[in-house]
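The structure appears below as structure tokens.
The values are calculated or read from the model by the stated rules, or taken from the named source; none is laboratory data. The shown structure was predicted, so the numbers you read here are calculated from the model rather than taken from an experiment. Don't worry about glycine lacking a Cβ; one is built from the backbone with ideal geometry, like all the others, and counts go over all protein chains shown. Accessible surface is based on the protein model in full, side chains and every heavy atom, while ligands, DNA and RNA are left aside. Shrake-Rupley method; radii C 1.70, N 1.55, O 1.52, S 1.80 Å.
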Amino acid sequence: MTTLKKIPILGIDFTKITNHELLELLKKDLTAKNTRFIVTANPEIVLYARKHPAYAKVIRQADYITADGIGIIIGSRILKHPLPERVTGFDTMNQLLALAEKLQKSVYFLGAKMDVLQAALKAVKKNYPQLIIAGAQDGYFGQELLVAKAIQKVKPDIVLVALGFPKQELFIQKYYQSSQAIWMGVGGSFDVLAGKVKRAPFFWQKHHIEWLYRLIQEPTRLPRMIALPKYLLFVLAKKFHLIK
């Protein structure tokens, strides 16, 4: 694997990479059947990892840790080691689906409620009609080992895990070596695919206020939004050597 520059932010080494560069690497990984673990981390994940060393250890094992959130980009600039751009989980997932369709690679979908998963699969079949769907399983399963064995049996090239953090990363780290596939945690992306959650229009994305759009759509997210200012305070403390 090509050695990629890492940018440390509060104990997590982010991959210094653009969307285009990541897509090119993933294209090579798919062709070569390389096993990969992708984490798309936002400030909330960084703070959780800081508080839970075992989780931090898990995500540090990822091959690519990308900046999913403008807060990560701002943090990298404050620390004088700027990351080039946001590389979000949702965008990367869609790029992977398009790439898989083009290269005739298969995808396994794991996570979300059954109705959300079914609606997401319906949308995927419409948007990527030639895509090979290796299998699917909702996120409300009992024995995870049985799910892991089911994935291993169908030999997918890509496994998208929508269990939310930290569960999805813990699951991936535990089982991703059992299949020659690209494994990625995608959080609530199936909800967006299914049309249950609307993604912010381009204007909001372009001006880096997608978080505000989501808060307006889902006011119950307010407690989670507190993570951003808390994260920035930690970054400033790091900048002035007030914390390790």
From the residues in the stretch 110-120 that are crowded, with 19+ Cβ neighbours inside 10 Å and among the hydrophobic types (A, V, I, L, M, F, W, C), which one is nearest to residue 30 (Cα to Cα)?
110
Checking residue 107 against (1) open to solvent by less than 10 Å² (accessible area, probe 1.4 Å); (2) at pLDDT below 95; (3) hydrophobic (A, V, I, L, M, F, W, C): exactly one of these is not met. Which one?
(2)
Here the qualifying pairs (Cβ atoms under 7 Å; residues six or more apart or on different chains; first in the stretch 69-89 and closer than 14 Å to residue 6 by Cα; second polar (S, T, N, Q) and buried (at least 19 other Cβ atoms within 10 Å of the Cβ)) come out as 72/42; 82/76; 83/76
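In the stretch 2-15, which residue that is open to solvent by 80 Å² or more (accessible area, probe 1.4 Å) and not β-branched (Val, Ile, Thr) is nearest to the chain's Cα centre (by Cα)?
Applying the filter and picking the extreme gives 6.
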When the stretch 25-50 is checked residue by residue, the ones that are in a helix (DSSP H, G or I) and among the polar types (S, T, N, Q) are 31
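Please enumerate the residues belonging to the stretch 90-108 that are of a type in the set (Lys, Arg) and without any contact (Cβ under 8 Å) to a residue 12 or more places away in the chain. Let's see the steps before the verdict.
So in the stretch 90-108, the residues of a type in the set (Lys, Arg) come out as 102, 105.
Matches in the stretch 90-108: 102 only.
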Can you tell me which residues in the stretch 17-72 are farther than 20 Å from residue 162 by Cα, hydroxyl-bearing (Ser, Thr, Tyr) and under 16 Å from the mean Cα position of the chain (by Cα)?
18
Failed item, numbered, when residue 48 is tested on (1) within 30 Å of residue 155 (Cα to Cα); (2) at pLDDT 95 or above; (3) of a type in the set (Ser, Thr, Tyr); (4) touching a helix residue (DSSP H, G or I) at 6+ places or on another chain (Cβ under 9 Å)
(1)
